[in-house]
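Undergrad: Have a look at the structure that comes next, please.
The values are calculated or read from the model by the stated rules, or taken from the named source; none is laboratory data. All figures in this text were calculated on a predicted structure; none of them were measured in a lab. With ideal geometry, Cβ positions are generated from the backbone for all residues, glycine too; neighbour counts draw on all protein chains shown.
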Amino acid sequence: MEEIDSNKLIAEIISANVENLFDASKRFIIDKGNQLKARLSLTFSNYIEGIERKYSSTKTIIYRDTPQSIKLFYEPIDLFNDKIELRSPQISDLINLKKPLIITGTGGSGKSTFLKHLLLNSLELTKLIPIFVELRNVEQAKIGLLEYIYKSLQLYKVDLGSEYLDQAFNKGNFLFLLDGFDELSPIFAQEIGKEIDHIAQVYSKCHFIITSRPGQDFISWENFIELHTQPLTLEKAINLVERLNFDSEVKENFIGELRKSLYDTHQSFFENPLLLSIMLITYRDSASIPSELHNFYSLAFEALYYRHDASKSFTRPTLTNLPINKGKDIMSAFSLITYLKTQTSFNDYELKDLLTKAIRLADCQCELKDLITDLLRAFCMLLQDGTMYEYTHRSFQEYFAACYLVSTNESNQSQLIAEFSKRADTDITLQLAHGMNPKMVEEKLIMPFLTEFKSKIGFEGEITKSVFIKFAQTYFDTISFYGPGPSLSVGNDKEEHYSRKRLDLGITKLILRIYNIDTDFKESEKYKPISNREIKPIPVSKIESNQEVLNWIIKNSLETRVLYELMKLEQTLRDKNNRNNRLFDSLFKKLTM
């Protein structure tokens, strides 16, 4: 691989932009001449060099001790939406879309690595000045995005006011790479979301790329294009494994299993770069491939907990000497606390405070400093980056939070499910919990939800027009015309009913995932609008006055299919519960007579 001279690239970028950078300062500092120009060049050069150095390499679950160059192991991902499909896109492909972008993908799909790749890619292929921001750091700083960028650039050392950025960004030629919108607390996400949307409109000559998990509400970001990460194909999965610095024989055998049948039978695991890497470790240590996601994480934790050095064949020693069940208890308590706090990275003080609480909650005895060392070195659950600590991956936090949920008492379960439900659309915690204890999740969440749902819409065995109208008006706000025909959507107001609707929609999506319900349908006809007026969204309250739209939605829409499947599931679960109760009563009477 040809070595790139990053210093030369950065110098060329600054040279191409220095006049604009200097020109933007004239409104604030008069007649500083070449001295200010030189200081601005140095400031921006130092910033770009810093982010290039920080994000060009990383530690991962495979490379835990020494950061590895992203270029050595990065396997390009594909992006798509209903109109666009990009194969292994470069930064130029995204810039050519001429719109600010939101890249969404599930945990472990490679969004953050992709954004770091785009940073390096932009240095090589463009003359744009990249601004790379991990959004969680902005929340921790408790300031706005522009103020955070101003301080990150250290422009205060140049004696320029923060208003300087307004002038500089107005001239364009900046690339904003904003990582981890989904890692923000709901309140801060709402605040900074408005700021991002605003600056993307105001500084329209600049380029914006944001990453997030799906499920976030980006409806109001009208100028943004949302692109989704494509799962890894078999070819890309094999390429990624081949790139990893791992035992050659294990990789060869693993790839052989992938080609034979493993990819087809466990496709959901191998479509995800993180899960693929963890599965490679698990395969090396146990040669066992679980078929369910929660079993996969359990086996992966065991493989990491008892991790062997691949080249020396020895078990890593632990300082705490905790048996695996106690280690799991502590991780579950720690993950529950951090999950409820929506926190995935911690400074030294925060980590010690959170682990102290977790040790008490898990009723374990161990030395705090030894536990931290084991979590980093032996159990491989945390990574250290300078003075900060973070999960090896956020999905482990979700797995262990689910473990705590299924093992705690009934009263705690009810409280936790109510809280976890708020993120049903954006993470896999309740999905994992259902895999571990389906009866508990069905009794405490799914059945009550479906029963209330059925009551609200007045369903009595058939989807009539009146039932569908009640369903539409209870759970949705508008009728949109973006696809092959009308569809129902939730609006974007700030009232309490909006939060309730989003919550119910999230739980509905969770149910569809848990029971693997296929909501695809074959269109019997394409909708042809009566007039151009109908292309604009209309309030659901007016659905009864437009019989053509109503009839089409009832006959063809995804929403009708979902409604049908939910009502069918409610009946199935109720029948199963009644059957189990009758069986138990009969058996109990026979055994106790």
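Undergrad: State which residue pairs qualify: first residue surrounded by 13 or more Cβ atoms within 10 Å (Cβ to Cβ) and inside the stretch 453-482, second residue small (Gly, Ala, Ser) in any location, beta carbons under 6 Å apart, and separation of 6 or more residues or different chains.
TA: 467/458; 470/458; 477/491; 478/489; 478/491; 480/487; 480/489
Undergrad: Only one of these is touching a helix residue (DSSP H, G or I) at 6+ places or on another chain (Cβ under 7 Å) and within 19 Å of residue 336 (Cα to Cα): 382, 375. Name it.
TA: Numbers: 375 fails: touching a helix residue (DSSP H, G or I) at 6+ places or on another chain (Cβ under 7 Å).
None of the other options fit; the residue is 382.
Undergrad: Would you say residue 481 is at pLDDT below 85 and either assigned by TED's automatic domain parsing to the domain that holds residue 538 or not charged (D, E, K, R) (or both)?
TA: yes
Undergrad: Which members of the stretch 546-593 meet the condition of being within 27 Å of residue 448 (Cβ to Cβ), free of Cβ contacts under 8 Å to residues at least 60 places away in the same chain and acidic (Asp, Glu)?
TA: Residues satisfying the conditions are 565, 575, 585.
Undergrad: Could you check residue 8 against (1) closer than 30 Å to residue 222 by Cα; (2) surrounded by fewer than 16 Cβ atoms within 10 Å (Cβ to Cβ) and say which number it fails?
TA: Going through the list (1) closer than 30 Å to residue 222 by Cα; (2) surrounded by fewer than 16 Cβ atoms within 10 Å (Cβ to Cβ), residue 8 breaks only (1).
Undergrad: Now a separate question. Only one residue in 351, 368 is crowded, with 18+ Cβ neighbours inside 10 Å, at negative phi and more than 22 Å from the chain's Cα centre (by Cα). Which one?
TA: 351
So that you can scan it fast, the table gives a plain yes or no per residue for (1) modelled with pLDDT of 55 or more; (2) closer than 15 Å to residue 561 by Cβ; (3) not assigned by TED's automatic domain parsing to the domain that holds residue 556:
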position	(1), (2), (3)
490	yes, no, no
504	yes, no, no
512	yes, yes, no
525	no, no, no
532	no, no, no
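Undergrad: In this structure, does residue 498 turn out to be at pLDDT below 75 and within 30 Å of residue 191 (Cβ to Cβ)?
TA: For residue 498, the condition - at pLDDT below 75 and within 30 Å of residue 191 (Cβ to Cβ) - is met.
Undergrad: Is there a residue being over 27 Å from residue 108 (Cα atoms), over 16 Å from the mean Cα position of the chain (by Cα) and not in a helix (DSSP H, G or I) anywhere in the stretch 146-157?
TA: Taking every residue of the stretch 146-157 in turn, at least one turns out to be over 27 Å from residue 108 (Cα atoms), over 16 Å from the mean Cα position of the chain (by Cα) and not in a helix (DSSP H, G or I).
Undergrad: Count, please, the residues in the stretch 374-394 that happen to be aliphatic (A, V, I, L, M) and closer than 15 Å to residue 113 by Cβ.
TA: Going through the stretch 374-394 one residue at a time, the tally reaches 1.
Undergrad: Here's something else I'd like to know. Just need a number here: residues in the stretch 243-269 that are of a type in the set (D, E, K, R) and either at positive phi or surrounded by 14 or more Cβ atoms within 10 Å (Cβ to Cβ) (or both).
TA: So the count comes out to 4.
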